[in-house]
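Undergrad: Okay, here's the structure, questions in a sec.
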Amino acid sequence: MLVARPRRGVTTITTQHDQPDDIACVTIVVAPACHLCAHAHEALAELAASYPLVVATVDIRTAMGMFLVQKYRASMSPLVLLDGEFFSHGRLPRRKLAKRLQQRFDKPTATKAV
């Protein structure tokens with residue numbers, strides 16, 4: 001289940017999971033009328049069904065949005081941060097993000113000793 005919590009310039013979407021310490025934090029800095037931003041939101045909504053995510057949306061016109069764009073030198077929207085670190089800008093690489101989340105949350109299978 002997704003829960004949206006709007007604030008001035010920031011919208012947070014969380015998924016409901018039992019262990020809050022093991023949640024990926026995705027920050028997406030969006031511009032108005034940005035089709036790539038809409039694409040990123042769709043991809044994150046799909047991934048939130050499989051992985052524990054907290055998605056914070058920051059408007060590029062806010063002080064925080066401008067700060068993040070300058071800090072990470074994003075030339076295109078959306079700017080996406082994963083756990084506070086640069087992940088991408090422009091079209092969200094959906095498979096790359098899914099792979100990163102899978103590596104983080106799926107435990108490796110144990111191999112039998114022969």
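Undergrad: Using the Kirkwood radius over Cα pairs, work out the Stokes-Einstein diffusion coefficient for the stretch 31-99 at 25 °C and 0.890 mPa s, in µm²/s as a whole number. Don't jump to the answer; show the numbers that get you there.
TA: Details: Rh = 12.4 Å.
In µm²/s, the coefficient is 198.
Undergrad: Next question, about the same structure. Would you grab the residues whose amide H sits under 5 Å from the one on ALA74? Only those 5+ places off in sequence or on another chain, please, with H modelled 1.01 Å from N.
TA: none
Throughout, read-outs are computed from the coordinates displayed, never taken from laboratory work. Note that the structure is predicted; figures quoted are calculated from it, not measured.
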